[in-house]
Amino acid sequence: MKLEPTPSQTVGPFFHNALLDEDQSKLVASDHPSVTRIEGTMRDGAGEIVPDAMLEIWQANAAGRYAHPEDDREDLPLEDDFSGFGRCPTDAEGRYEFVTIKPGVVPGPEGRPQAPHILVSIFARGLLKQLVTRIYFPDEEAANAADPLLSSIEDPALRSTLVASATGDGSLRFDLHLQGEDQTAFFDV
Amino acid sequence: MVQQQKGEIGGYRRDTESHPPYLYPDYKSTRLRAPEKPLVISPHTLSEVTGPVYGHGLIGELDNDLTRQHEGEPLGERIIVTGRVLDGDGRPVRNSLIEVWQANAAGRYVHQGDRHPAPLDPNFTGAGRCLTDDEGRYRFVTVKPGAYPWKNHDNAWRPAHIHFSLFGPAFATRLVTQMYFPSDPLFDHDPIFQSVRDPKARQRLVSSFDLETTEPGWALGYRFDIVLRGRDATPMENHR
């Protein structure tokens, strides 16, 4: 029996009480030895900030293992207190921030390794379906160059939207542009 | 079953025309938020076929009863909303988080951004959650939400709806949608509902009145089954 999927509808502007009643933006404690802060601002096609969106992230742990039954590589460690999932609203200035760690390398198509990356889903008023993108890391040049998904993007400007930039204070900046010349690369997953 | 090579992973079926497009100009907010550059096709790797196992520690006893979260009972028509969450092959999606939110019976959300001059109800927040059981079933008790005006176009009103957020087993199965009520006269005038272009797909957003779910002398019952994407093929044992 094949069933057709239930269509997606927008999250709308009024989801905060249901989806964000607890702060889920810190995947590790702020004093974790390898803490990585990832922050950014979301903008629309007119360059205006998007203050009413929600981001979700999904990532492997530092060893490159996902806390999920389908990742059964038991030779890699799992940590009880690292779920790999985070959620964060954009604030009145269109900003978000996650406190996490850099994930390890995970396997990709045909056994080729994927560069460390974090999956991002974006939900907002005006998005009839979530947008999906990936955050790659600026200190992984060689791995990024060999990454099967990154290297499938021919336009270098579009490809570069997926690599976060290092700020002076050790954080990473990953701004999101939903539309326009600087548009972030989004995926059909 | 699709034969896979070593290193390939059993992905999920590609999205069909069921889903709305990103750009649907009648829904004005899509105009500046829909991406214009073509989407990059992402293969389904371990990153997409795994996904958050989330919410299991969060659920409180009354989280699926939106009428018992305050001292008194909310005003409005008490209803039961129940159904099953299935995958594209009709198998139950078990032990998976569902989050819901809605306006109160007067069509007002508890949210600082909601400027509709309709009364708030001190006994209604309008947020709930639960986990599906072994058959993929869920059940909420709530009040029927009211329709409400919005600024999309002149005299624009949203049909009554309940927002649903579901995870399913993988990142690729994540779904946020809205459940509507049967025969709503606002359907033809609502660009969010109409953004789903296939009429048959649109009907899958509409719950059905269900006498079996209805409890005598207490509450009307509505049934809403939700289908998440199905698996392309069964993953083979040695898939990495």
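Here are some notes:
- Looking across region B:154-183 at every residue that is of a type outside the set (F, W, Y) and surrounded by fewer than 18 Cβ atoms within 10 Å (Cβ to Cβ), the one that is nearest to the chain's Cα centre (by Cα) is identified as B:P182.
- In region B:23-52, the residues that are touching a residue at least 40 places away in the same chain (Cβ under 8 Å) and either among the aromatic types (F, W, Y) or in a loop (DSSP other than H, G, I, E, B) (or both): B:Y24, B:D26, B:Y27, B:H44, B:T50, B:G51, B:P52
- Residues of region B:39-63 classified as more than 8 Å from chain A (Cβ to nearest Cβ) and modelled with pLDDT of 95 or more, total: 1
- Considering region B:115-135, the residues that are among the aliphatic types (A, V, I, L, M) and in a loop (DSSP other than H, G, I, E, B) include one that is farthest from A:D21 (Cα to Cα), namely B:A118.
- The residues on offer are A:A63, A:A46, A:A92, and the sole one that is of a type in the set (A, V, I, L, M) and more than 12 Å from chain B (Cβ to nearest Cβ) is A:A63.
- Residue that is surrounded by the fewest Cβ atoms within 10 Å (Cβ to Cβ) [pool: residues in region B:8-29 that are of a type in the set (S, T, N, Q) and in contact with a Pro (Cβ under 8 Å, 6 or more places away or on another chain)]: B:T16
The values are calculated or read from the model by the stated rules, or taken from the named source; none is laboratory data. Keep in mind that this is a model prediction, so the values were computed, not measured. Cβ atoms come from the backbone with ideal geometry, glycine included; neighbour counts cover every protein chain shown.
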